[in-house]
Amino acid sequence: MDRRSFLRHAGGAACLCGACGGGAVRALASDGAHWAYEGHGGPAEWGTLAPEYAACSIGKEQSPIDLSKPIAAIMGDPAPAWRPLPLKVLNNGHTIQVDSVGGGTLALDGKSYELLQFHFHHPSEHSVDGAFFDMECHFVHKAADGGLAVLGVMIAKGEANPALEAIWRVMPGKGGETATADALLDPSMLLPQDGISFRYAGSLTTPPCTEVVQWVVYRQAITASAEQLARFAKLFANNARPVQPLNRRKLLLDVM
């Protein structure tokens, strides 16, 4: 399925976001052994770089995956209760991340999670029937018991995105730098209108690849302009982990 077919399948054109209703925070990736997306220290080597990264090689519930042939299921929709926050944008050397501690909660399957941060991958990490999108946004949440829930939103080339523009306007160009802005950003502006989503049990997509993540990936994409995509790609030409085997897991599609 190509991107246009996917968007038609998702119930029409992807929505324009502006019209849509600490250590653990830093991408929840380890600050240990150096890792990369290409070359030495790339994804094929992650599991051998440090003992705490072993799950990257031997884990059986790794992310991302190809979202294909899901089982239709009736589940309660994820319920983000986020609030606008002043922008705090970090270039952590692997992605652009918006710190969102205090930004609200997510109710999922009867459990409450706190929003920690959201960040971006270019191209998308998950694929749909083997097809990738231009980018993907991950909203990372953590529960009191340490469990994680990540909402994934695909980003396709199309109309310019006002919410992304607010972030791009201040995003640092060098790793380790942080920028702030007084303007408030509501993270829900980056959610699609269609709440139908894929669900599966998985992992962090960066070392240590811990398998404690409940994944929710929305079926409908949002948009970004070609110019916006190019600005991110200039910083991160490729910061996406390759898809991993589904193994014995179930991939569900929430049809409610």
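Observations
- Efficiency of FRET from Cβ geometry, ALA72 and LYS174, R₀ 35 Å, rounded to 0.05: 0.15
- Among CYS209, PRO123, TYR53 the positive-end extreme of the charge dipole of segment 3-254 (Cβ point charges): PRO123
- Neighbour net charge for ALA73 - beta-carbon separation under 15 angstrom, K R +1, D E -1: +2
- Stokes-Einstein diffusion for segment 187-243 at 25 °C, viscosity 0.890 mPa s, with a Kirkwood radius from C-alpha pairs, works out to 178 µm²/s.
- From the C-alpha gyration tensor of segment 133-256, square roots of 5λ in Å: 26, 18, 16
- Taking amide H positions as modeled 1.01 Å from N, with prolines and chain starts lacking one, the residues under 5 Å from ILE65 and 5 or more places away or on another chain are SER127, GLN244.
- With a threshold of 25 Å on the Cα-Cα distance, the over-threshold entries among LYS60/LYS174; LYS142/LYS234; LYS88/LYS174; LYS60/LYS142 are LYS60/LYS174; LYS142/LYS234.
- Residue-by-residue Karplus 3J(HN,Hα) for segment 154-169, coefficients 6.51, -1.76, 1.60, Hz, glycine and proline x: 6, 10, 10, 5, x, 5, 4, 10, x, 5, 5, 4, 4, 6, 4, 4
- Over the chain, volume per residue of the alpha carbon convex hull, in Å³: 118 Å³
- Tail beyond 18 Å, pair distance distribution of segment 62-154 (Cα, percent): 53 percent
Taken together, the values in this text are just the output of simple stated rules run on the coordinates, not laboratory data. No experiment lies behind these values; they were computed from the predicted model shown. Methodologically, a virtual Cβ is constructed for each residue, glycine included, from the backbone with ideal geometry; neighbour enumeration extends over all protein chains shown.
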